[in-house]
1. Find the residue count for segment 223-265, including only residues that are assigned to a helix (DSSP H, G or I) and either in contact with a helix residue (DSSP H, G or I) (Cβ under 8 Å, 6 or more places away or on another chain) or not hydrophobic (A, V, I, L, M, F, W, C) (or both).
2. Residues in segment 221-269 that are small (G, A, S) and under 20 Å from A31 (Cα atoms): how many?
3. Check whether at least one residue in segment 109-118 is within 19 Å of V217 (Cα to Cα) and β-branched (V, I, T), and report yes or no.
4. Mind telling me which of the residues K196, K244, K269 ends up being without any contact (Cβ under 8 Å) to a residue 60 or more places away in the chain and either within 24 Å of L89 (Cα to Cα) or open to solvent by 20 Å² or more (accessible area, probe 1.4 Å) (or both)?
5. Within segment 217-234, does at least one residue satisfy the condition of being more than 16 Å from L126 (Cβ to Cβ), free of Cβ contacts under 8 Å to residues at least 12 places away in the same chain and among the small types (G, A, S)?
6. Considering segment 438-479 alone, what residues qualify as being among the charged types (D, E, K, R) and farther than 25 Å from G81 by Cβ?
7. Within segment 52-149, considering only helices (runs of 4 or more DSSP H) that don't extend past its boundaries, which have at least 3 residues that are among the β-branched types (V, I, T) and under 17 Å from the mean Cα position of the chain (by Cα)?
Amino acid sequence: MAGGGFAASGGGTEFEAKITPIVIISCIMAATGGLMFGYDVGVSGGVTSMGPFLKKFFPVVYAKTNDKNLNSNYCKYDNQGLQLFTSSLYLAGLTATFFASYTTRRLGRRLTMLIAGLFFIVGVVLNAAAQDLAMLIIGRILLGCGVGFANQAVPLFLSEIAPTRIRGGLNILFQLNVTIGILFANLVNYGTAKIKGGWGWRVSLGLAGVPALLLTVGALLVVDTPNSLIERGHLEKGKAVLKKIRGTENVDPEFMELVEASRVAKEVKHPFRNLLMRRNRPQLIIAVALQIFQQFTGINAIMFYAPVLFDTVGFGNDAALYSAVITGAVNVLSTVVSIYSVDKLGRRVLLLEAGVQMFISQVVIAVVLGLKVTDHSEDLSKGYAIFVVILICTFVSSFAWSWGPLGWLIPSETFPLETRSAGQSVTVCVNLLFTFVIAQAFLSMLCHFKFGIFLFFSGWVLVMSFFVFFLVPETKNVPIEEMTERVWKKHWLWKRFMNDYDEEFGKGYGVETKNGQAKGYDPHSQL
């Protein structure tokens, strides 16, 4: 991907921006945070279906999986401790993201990614060497801290360093690396499950060190974003980096816009409180809703527990891991589709098309499982088993080119600079909260809902599609600092929240009084 040209801006200006090698390399290195996140998502489902792992840490579950007389197919993995192994990572990430908001704003995006890498490395060591459940959970908590820091910094880094016209595609590199991490984990689990001696799960958990090292090295090699440098007062360095990443000396228009945005941001002393102000509510509502909806598509339930799920519906252990590898590969390929289409077709088209595809596939899956899989059935026929895999792949593919990457992209590009770190922190927090909820509840829901679990998620897909149709505006090819003028003020509903924007941010960023004199803007005036 090479070339040059101009990145269009609003107000009749154009920012010259070549697609330079340093932009591509920096984005690829930063996006390895997604590789780590994806590997953690994928590996947990694989090891929890391995007998030696269950026997060592969850003997009660191990006994249930081997007791055909007492066991229900849908309930054999229903155990709060087992679910805590998966979900503890996301609860820790939820907490860590608030600290990450501070480091992202005060120390920069690059250093925050480095902190994430260090958390990942220590967590991996504890997991791979775990001798008891406490050691295992502590390792997962440290991995969760890494997830909180990485998910806070990486999407911001990618959105800020990329030229406007390819911002969507480069940002989705994070999600692409998530899917590659999941596929890598599934392939590793498929191989380590066959290791004699019962220590294959240690290899699966230990190989997470590969993406952890990549993220750490990447954070050491990349440059911080001009936005971050300017925000922290390093104007000359920020301008030098801007010239370097844009491949041109003609960066004054973009630089001045960043400086002005930074000046406004510094007026805001309490960015989290500022998020609640009227003019910031549309971005906040959409960011929060997208994170909740992303989890309630059901994708993480499938990705966490794909081997367990396939084993539950009768595929057998080897076939279950093999099927998980297939869905992982589909996930990767479909995310590539999103990279090439998001800046051409736009965000809304991908989200709405995927809603239809996910809804239909989940309803059909529920019908097939409802008719063919009972509590004590041994397996599906080969034809039905293949059909279920195809349907799940259909669901996964639609998620991977829509809600997966866009759930992160849209919030990262819509918040103004003065609330961007705080907004991203809330985005990550809500995402991890509902990821935790799904991870902790899914196996119990599977036990009680049985095949109805897919109808539950399909109902949410229907709701979220209506939400997108009416309330999510198109942000394709709009410079980040011009979202207010070109997006929010033109939306049929959200423009009502922008009525006071010009008064608050008029010329000189003052407010006209009745006698014609301007007074300084008080960021807390509406709180």
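The values are calculated or read from the model by the stated rules, or taken from the named source; none is laboratory data. Since we're looking at a predicted model, the values are computed, not measured. Cβ: placed from backbone, ideal geometry, glycine included. Neighbour counts: every protein chain shown. Each accessible area value is taken on the protein alone, full model and side chains, heavy atoms only, with ligands, DNA and RNA left out. Shrake-Rupley method; radii C 1.70, N 1.55, O 1.52, S 1.80 Å.
1. 30
2. Number satisfying all stated conditions: 1.
3. Within segment 109-118, one or more residues are within 19 Å of V217 (Cα to Cα) and β-branched (V, I, T).
4. K196
5. There is at least one residue in segment 217-234 that is more than 16 Å from L126 (Cβ to Cβ), free of Cβ contacts under 8 Å to residues at least 12 places away in the same chain and among the small types (G, A, S).
6. Correct list: E474, K476.
7. 80-106
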